[in-house]
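The values are calculated or read from the model by the stated rules, or taken from the named source; none is laboratory data. None of the values given here were measured: they were computed from a predicted structure. So basically every Cβ, Gly included, is an ideal-geometry build from the backbone, and we count neighbours across all protein chains shown. In case anyone asks, the SASA skips ligands and DNA or RNA and just uses the protein heavy atoms, side chains included. Shrake-Rupley method; radii C 1.70, N 1.55, O 1.52, S 1.80 Å.
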Amino acid sequence: MPQLPADFADLEKFSDWILATEQERYAKRLETSMDDMQVFYDAGMDKMDAALDHLDKFDLYDLPEPERALMYLMQSVVMVSFPIEVWKQPRVLDSGAAWVETVKQPVF
């Protein structure tokens, strides 16, 4: 069953990146190879402007489920942008074993 709006059906193959929390997105980033992240990043960035234009038509606090899924997917694209564009690895450079844990998520 499709999770995304029809105009974004080509991104359905990345539905495992439709994650509601930053912790989930970060964990997914750490367990994903750079090659797989690159494929996801390229496809997502190609649709980013269209996705933002589409989402701007809706009230953020009353998103239909397909639009909420699209928002989460685009948040995951942003989550992989620094590893792809800057660090060339999933973890933050020189961060050792350190991590940040969000204790409260935004309300959506």
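The figures follow:
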read-out	value
Options Pro83, Pro90; residue that is at pLDDT below 95, part of a helix (DSSP H, G or I) and of a type outside the set (A, V, I, L, M, F, W, C)	Pro83
Selected residue (criterion: most open to solvent (accessible area, probe 1.4 Å)) from residues of region 1-27 that are out of contact with any Leu (no Cβ under 7 Å at 6 or more places or on another chain) and among the aliphatic types (A, V, I, L, M)	Met1
Residue in region 53-63 that is least open to solvent (accessible area, probe 1.4 Å), counting only those that are of a type in the set (A, V, I, L, M, F, W, C) and assigned to a helix (DSSP H, G or I)	Leu55
Selection count where residues are within 14 Å of Arg68 (Cα to Cα) and not aromatic (Phe, Trp, Tyr), scope region 17-28	4
Complete set of residues in region 1-25 that are closer than 12 Å to Ala43 by Cα and either basic (Lys, Arg) or in a loop (DSSP other than H, G, I, E, B) (or both)	Lys13
Verdict on Leu73 being in a helix (DSSP H, G or I), aliphatic (A, V, I, L, M) and modelled with pLDDT under 95	no
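Matching residues to (1) under 15 Å from Leu19 (Cα atoms); (2) surrounded by fewer than 16 Cβ atoms within 10 Å (Cβ to Cβ):
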residue	(1), (2)
Arg29	yes, no
Asp35	no, yes
Gly44	yes, no
Ala51	no, no
Glu65	yes, yes
Met71	yes, no
